[in-house]
Amino acid sequence: MLLSVFTEDLLVRVYIKLDSESDRKTWRLVCKDFLRVDSVTRRSLRVLRSEFLHGLLSKYKKLDTLDLTVCPRIEDATVSVMLSQAVNSVSWTRWVKRLVLSRASGLRYGGLERLVGACPCLEVLDVSYCWVYGDREAWAISSVRGLRELRMDKCLGVSDVGLAKIAVGCGKLERLSLKWCMEISDLGVDLLCKKCLELKSLDVSYLKVTSESLRSIASLPKLELLAMVGCPFLDDYGLQFLEHGCPSLQAIDVSRCGCISSSGLISVVRGHRGLAMLNAGYCFSELSATVLYSLKDLKNLNTIRIDGAQVSDLSFQTFSTNCKSLVEIGLSKCVGVTNMGIMQLVYGCVGLKINLVSLKLEACDKVTEKSLDQLGSCCLQLKELDLTDCCGVNDKGLKYLSRCSELLSLKLGLCTNISDKGLAYIAHNCTKISELDLYRCTSIGDDGLAALSSGCKNLMKLNLSYCNGVTDRGVQYIGRLGELSDLEMRGLVNLTSEGLTAIAAGCKKLSDLDLKHCGKIDDSGFWALSYYSRNLRQINMSYCAVSDVGLCMVLGNLTRLQDVKLVHLMNVTVKGFELALRACCVRIKKAKLIGSLRFLLSTEILETLLARGCKIRWE
């Protein structure tokens with residue numbers, strides 16, 4: 001009776017206040033009126049199973065975003081089903097502006113052409129990791145005249161010819177990622193820069209381009225972000241072109257470009273006083289005084305990463321004096337990071353005390369509890385901290401660090417001096433943590449996990465690999481973390497099927513699970529996994545004690561599974577592998593198998609997997 005006085009407009013206003021998907025799911029279940037409000041108001045849809053596509057697209061007609069990343073079996077035939085109800089009714093395609101097809105390798109030229117052609121308002125397209133895509137698929141994409149953002153990471157078959165088609169057809173492009181498109185050269189980048197003058201973001205990471213590409217890129221008047229990670233042929237000569245080009249440049253990433261030195265970096269800084277982000281990680285062995293001095297002109301710099309460089313206490317003093325707006329600092333594997341340097345960095349810059357949210361100190365072995373005391377006292381807004389392989393970190397340091405109650409991500413892998421006591425400090429005070437890495441923290445045991453499950457209810461990602469003190473009792477505590485989606489338990493020699501059953505029953509949102517070298521887990525544990533873990537998309541079962549029956553249960557029942565690693569399963573026969581792969585061949589996208597199976601499995605199953613876009617890695 002009370003609901004009858006609410007108009008649809010008022011219900012819509014209430015609905016849009018719901019932030020989480022779980023709240024909106026609950027809303028839909030209340031009554032038909034609430035369900036109708038959901039159908040006319042929803043603008044974004046992430047589909048998990050292809051058999052529901054037709055019904056969902058018939059129901060939601062005003063979508064602006066459709067995400068099929070985790071939906072298995074997206075093929076040309078699927079597109080026919082998706083578009084089948086468009087002939088005699090108002091189609092969902094009419095309003096779609098953003099289409100995410102990442103890893104949909106089963107969708108080829110014909111289906112892609114039909115799908116993008118049916119979306120007249122399409123502005124954003126993601127086909128990243130569709131590794132079989134080539135110039136024909138690029139041709140289909142080029143027909144989207146209004147396209148403004150395109151991601152083609154690891155589309156291995158796309159060459160300069162395909163890129164030329166996109167450049168000519170999609171002249172309004174503003175954001176483009178070509179990471180790992182290994183067939184693209186300077187020629188393709190040059191044509192792109194001549195035709196797409198609206199580009200604001202460009203990623204050419206890991207391409208074999210040379211400084212000639214930088215000559216072309218320097219002509220882009222609106223470019224704000226340029227990523228060139230791991231480009232082996234880029235050098236200082238190319239960076240000199242940027243000094244007098246790209247007047248709008250705000251962020252540049254040249255990390256892992258081995259031919260770039262301090263002089264090339266200085267030329268970029270000299271020409272772009274408005275830089276906000278600079279990543280030069282693993283470019284040079286030593287951070288020179290000249291580079292440090294040049295940073296004084298970057299008043300807007302908020303992110304800097306110099307991973308792998310040799311630094312000194314003077315370097316940190318210069319940072320604190322000249323870089324007042326830093327919010328993210330990357331010093332991973334930097335030689336010379338000391339407690340004194342961290343103190344100068346924190347105490348010397350008032351802005352860092354207020355603004356610092358991310359600090360990465362991987363393998364800085366001179367960092368001890370003194371540094372963590374300073375961070376815990378001054379950087380109370382810290383959200384991300386990487387202390388991987390910092391052997392000076394101990395329980396006392398974690399006690400100091402626990403004052404940073406806003407922490408969301410904490411990496412403590414290889415910190416062998418921390419124990420359950422230190423973890424309890426973190427669990428009690430840092431209750432917002434969603435990511436925790438305890439890789440090879442060998443003194444962590446069941447009691448630490450008990451504290452973790454009690455305090456960190458929002459934990460979504462947890463790495464317990466090779467924490468040999470963890471047993472089934474500790475893992476049962478982890479089963480209480482209902483938000484957990486990513487769990488690594490590699491090498492837990494004391495973990496049995498009983499512990500895995502507790503995880504499967506309690507962590508219903510689990511999507512990524514690593515059980516490599518958990519040799520005591522047998523079929524009973526995997527049966528529980530196949531029954532409870534219906535959201536699982538990726539699993540590593542290598543070196544486990546599963547048999548033919550258990551493997552078939554996992555690969556057959558988990559209908560959202562897309563990525564499997566099945567190396568050295570000694571209790572599984574060739575026939576077991578054959579049956580299991582047949583059970584999942586219509587949806588699996590990546591598989592890792594022992595090399596000898598290449599000659600033992602039937603040609604039919606291998607050809608079927610490849611035809612459906614599955615990438616097989618042989619070990």
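The values are calculated or read from the model by the stated rules, or taken from the named source; none is laboratory data. This one's a predicted model, so the numbers in the text were calculated from it and none came from an experiment. Every residue, glycine as well, gets a Cβ built from its backbone with ideal geometry; the counts of neighbours run over all protein chains shown. Side chains are part of the model used for accessible areas, which takes the heavy atoms of the whole protein and leaves out ligands, DNA and RNA. Shrake-Rupley method; radii C 1.70, N 1.55, O 1.52, S 1.80 Å.
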*Nearest 5 is fine: what % of DSSP beta bridges in the chain come out antiparallel, could you say?*
0 percent
*Please give, to one decimal in nm, the separation of the simple spin-label points placed at Phe233 and Asp23, each 7 Å out from Cα toward the Cβ.*
5.3 nm
*Can you list residues whose amide H is under 5 Å from Leu414's amide H, if they're 5+ apart or on another chain and H is modeled 1.01 Å from N?*
Asp389, Tyr439, Arg440, Cys441
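Do the sum for the chain: with -39,500 (n - 2.57) for every DSSP H run of n ≥ 4, divided by all residues, what is the mean residue ellipticity at 222 nm, to the nearest 500 deg cm²/dmol?
Values: 26 runs with 228 residues, N = 619.
Calculated from helices alone, the mean residue ellipticity at 222 nm is -10500 deg cm²/dmol.
Show His428, His272 ordered by accessible area, largest first, where the area counts protein heavy atoms only and the probe is 1.4 Å. Walk me through the numbers before you get to the answer.
Numbers: His428 145, His272 5 Å².
Correct descending sequence by accessible area is His428, His272.
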*Using only protein heavy atoms and a 1.4 Å probe, report how much of Val357 is accessible, in Å² to the nearest 10.*
50 Å²
*State to the nearest 20 debye the size of the charge dipole of region 175-264 about its Cα centre, where the only charges are +1 on K and R beta carbons and -1 on D and E beta carbons.*
240 debye
*Structure shown: which of Lys324/Lys383; Lys370/Lys421; Lys97/Lys432; Lys457/Lys589; Lys61/Lys194; Lys333/Lys516 lie over 30 Å apart, alpha-carbon to alpha-carbon?*
Lys97/Lys432; Lys457/Lys589; Lys61/Lys194
*Of Lys17/Lys222; Lys200/Lys299; Lys208/Lys296; Lys179/Lys360; Lys461/Lys565, which ones are farther than 26 Å apart at the Cα?*
Lys17/Lys222; Lys208/Lys296
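About its Cα centre, how strong a charge dipole does the chain have in debye, to the nearest 20, once Lys and Arg get +1 and Asp and Glu get -1 at the Cβ?
Numbers: 79 positive and 66 negative charges, 322 e Å.
It comes to approximately 1540 debye.
Considering only protein heavy atoms, what per residue accessible area in square angstrom results for the chain with a 1.4 angstrom probe? Spell out each step's value before the answer.
Values: 25450 Å² over 619 residues.
Computed with neighbouring chains in place, this is 41 Å² per residue.
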*Near Lys615, which aspartates and glutamates are there with a Cα under 13 Å away, not counting those fewer than 8 places off in the same chain?*
Asp563, Glu607
*So for the chain, taking the charge dipole from beta-carbon charges (+1 Lys/Arg, -1 Asp/Glu), which of Met152, Ser84, Trp139 sits furthest toward the positive end?*
Ser84
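Among the chymotrypsin sites (Phe, Trp or Tyr not before Pro) in region 216-308, which ones are in a DSSP loop with at most 16 other Cβ atoms within 10 Å of the Cβ? Mind listing them? Don't jump to the answer; show the numbers that get you there.
Values: sites: Phe233, Tyr237, Phe241, Tyr282, Phe284, Tyr293; in loops: Phe233, Tyr282, Phe284.
Filter output for region 216-308: Phe233.
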*Let me know the charge dipole size of region 465-534 about its Cα centre in debye, to the nearest 20, where only the beta-carbon of Lys, Arg (+1) and Asp, Glu (-1) is charged.*
120 debye
